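Visitor: Here it is, the structure in full.
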Amino acid sequence: VAVRQGQRVRVGGGLGAAAAVAAAWGLCGTAAENLVLGQIGPVILLLIALAGLTEPAGPIAIATAMKFFPGIALLREALARRWTSLAAGVAITAILIVVPLRSIAALPGPAFPASAGYWMGTPALLNVSLPAVAWRAVDRPRGEALPLNWISGDNPKSLQPETRGRIASVATSLAALAIGAAIIALRRRATSSRTIEIGAWMALAILSSPISWYHYAIVLFPA
């Protein structure tokens, strides 16, 4: 639905509408941020696109080794009872994570983030996931000033630990993941498009991940 001269106008569901949505995504931040900041999102985008055209476990496993959230798409193999493909995907992911991590651990300097608790989420305004919304709901502004975690929570060293915020984040993440996976499992037979199905898993990953910066949305482009 678009707004034209103060009136709501339905643009339809055809190719033109899809192109408009893609253009809005591409021009409103996610693609530009990936390129300006040197993010690895475009590489993951390529792997997601390949997963829609080929045997998906391999490309998804490689993408998961780069960023954890694409790994949710491996549940597709479990739902289809393709156990060999699932095992191969898990094995590839494990190798691509463990081997580099062991190499880094042997070098001087830290091998892990400044705060492991950071993986439980952050209420930073650039975090667009449902867990972030839940954290912000329990850590609302008091007065006119925004909470410090909302402003600088994108930096692990600046994020102030807050038990109730982390509980809200993790609980929301698990609930969203469970509900979303159940919906996809029930609806997966309604589409014959592998790309659309993988796109649904990617959308669920972005919504349910404790940390989901807005430039992560680039992985939705193929769907």
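Visitor: Quick check on my filter: what residues within segment 71-96 are in contact with a Pro (Cβ under 9 Å, 6 or more places away or on another chain) and either open to solvent by 40 Å² or more (accessible area, probe 1.4 Å) or not basic (Lys, Arg) (or both)?
Guide: Correct list: ALA73, LEU74, GLU77, SER85, GLY89.
Visitor: Given ARG142, ARG164, which one is part of a helix (DSSP H, G or I), on the phi < 0 side of the Ramachandran plot and exposed (fewer than 12 other Cβ atoms within 10 Å of the Cβ)?
Guide: After applying the criteria, what remains is ARG164.
Residues checked against (1) touching a strand residue (DSSP E or B) at 6+ places or on another chain (Cβ under 8 Å); (2) open to solvent by less than 50 Å² (accessible area, probe 1.4 Å); (3) β-branched (Val, Ile, Thr); (4) at pLDDT 95 or above:
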position	(1), (2), (3), (4)
SER169	no, yes, no, no
THR172	no, yes, yes, yes
ILE183	no, no, yes, no
ARG187	no, no, no, no
ALA190	no, no, no, no
ALA200	no, yes, no, no
LEU220	no, yes, no, no
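Visitor: Can you pull out every residue in segment 145-161 that is farther than 15 Å from PRO210 by Cα, without any contact (Cβ under 8 Å) to a residue 24 or more places away in the chain and either open to solvent by 40 Å² or more (accessible area, probe 1.4 Å) or in a helix (DSSP H, G or I) (or both)?
Guide: ALA145, LEU146, LEU148, GLN160 - these are the residues of segment 145-161 that are farther than 15 Å from PRO210 by Cα, without any contact (Cβ under 8 Å) to a residue 24 or more places away in the chain and either open to solvent by 40 Å² or more (accessible area, probe 1.4 Å) or in a helix (DSSP H, G or I) (or both).
Visitor: While we're looking at this one, here's another question. Could you list all residues from segment 48-62 that are crowded, with 17+ Cβ neighbours inside 10 Å and either touching a residue at least 24 places away in the same chain (Cβ under 8 Å) or basic (Lys, Arg) (or both)?
Guide: Those that are crowded, with 17+ Cβ neighbours inside 10 Å and either touching a residue at least 24 places away in the same chain (Cβ under 8 Å) or basic (Lys, Arg) (or both): ILE48, ALA49, ALA51, GLY52, PRO56, ALA57, ILE60, ALA61, ILE62.
Visitor: Checking the structure you have, find out if any residue of segment 105-118 is open to solvent by 20 Å² or more (accessible area, probe 1.4 Å), part of a helix (DSSP H, G or I), among the hydroxyl-bearing types (Ser, Thr, Tyr) and farther than 25 Å from GLY180 by Cβ.
Guide: Within segment 105-118 (the criterion being open to solvent by 20 Å² or more (accessible area, probe 1.4 Å), part of a helix (DSSP H, G or I), among the hydroxyl-bearing types (Ser, Thr, Tyr) and farther than 25 Å from GLY180 by Cβ), the answer is no, since none of the residues qualifies.
Visitor: Would you mind finding the one in GLU197, GLU144, GLU162 that is within 21 Å of ALA49 (Cα to Cα) and of a type in the set (Asp, Glu)?
Guide: GLU197
Visitor: Every residue in segment 9-27 that is open to solvent by 80 Å² or more (accessible area, probe 1.4 Å) and modelled with pLDDT of 70 or more, please.
Guide: Narrowing segment 9-27 to residues open to solvent by 80 Å² or more (accessible area, probe 1.4 Å): 10-11, 13, 15, 25, 27.
Matches in segment 9-27: GLY13, LEU15.
Visitor: In segment 48-70, how many are within 20 Å of ILE184 (Cβ to Cβ) and touching a Pro at 6+ places or on another chain (Cβ under 7 Å)?
Guide: 7
Visitor: Related question: Residues ILE218, ILE184, ILE151, ILE196: which one is farther than 18 Å from LEU45 by Cβ and under 18 Å from the mean Cα position of the chain (by Cα)? Write out each step before concluding.
Guide: Values: ILE218 fails: farther than 18 Å from LEU45 by Cβ; ILE151 fails: under 18 Å from the mean Cα position of the chain (by Cα); ILE196 fails: farther than 18 Å from LEU45 by Cβ.
Selected residue: ILE184, the only one of ILE218, ILE184, ILE151, ILE196 that is farther than 18 Å from LEU45 by Cβ and under 18 Å from the mean Cα position of the chain (by Cα).
Visitor: So if I check each of SER192, SER173, SER152, SER129, which one is hydroxyl-bearing (Ser, Thr, Tyr), under 27 Å from ALA223 (Cα atoms) and out of contact with any helix residue (DSSP H, G or I) (no Cβ under 8 Å at 6 or more places or on another chain)?
Guide: The unique qualifying residue is SER192.
Visitor: Given the structure, is LEU207 surrounded by 13 or more Cβ atoms within 10 Å (Cβ to Cβ), part of a loop (DSSP other than H, G, I, E, B) and not β-branched (Val, Ile, Thr)?
Guide: Spelling it out, it is not the case that LEU207 is surrounded by 13 or more Cβ atoms within 10 Å (Cβ to Cβ), part of a loop (DSSP other than H, G, I, E, B) and not β-branched (Val, Ile, Thr).
Visitor: Of the residues in segment 74-89, how many are outside any loop (DSSP other than H, G, I, E, B) and either charged (D, E, K, R) or at pLDDT below 85 (or both)?
Guide: Qualifying residue count for the region: 2.
The values are calculated or read from the model by the stated rules, or taken from the named source; none is laboratory data. Predicted model only: the values in this text are computed from it and were never measured. Quick reminder, even Gly has a Cβ in these numbers, built from the backbone with ideal geometry, and neighbours come from all protein chains shown. Each accessible area value is taken on the protein alone, full model and side chains, heavy atoms only, with ligands, DNA and RNA left out. Shrake-Rupley method; radii C 1.70, N 1.55, O 1.52, S 1.80 Å.
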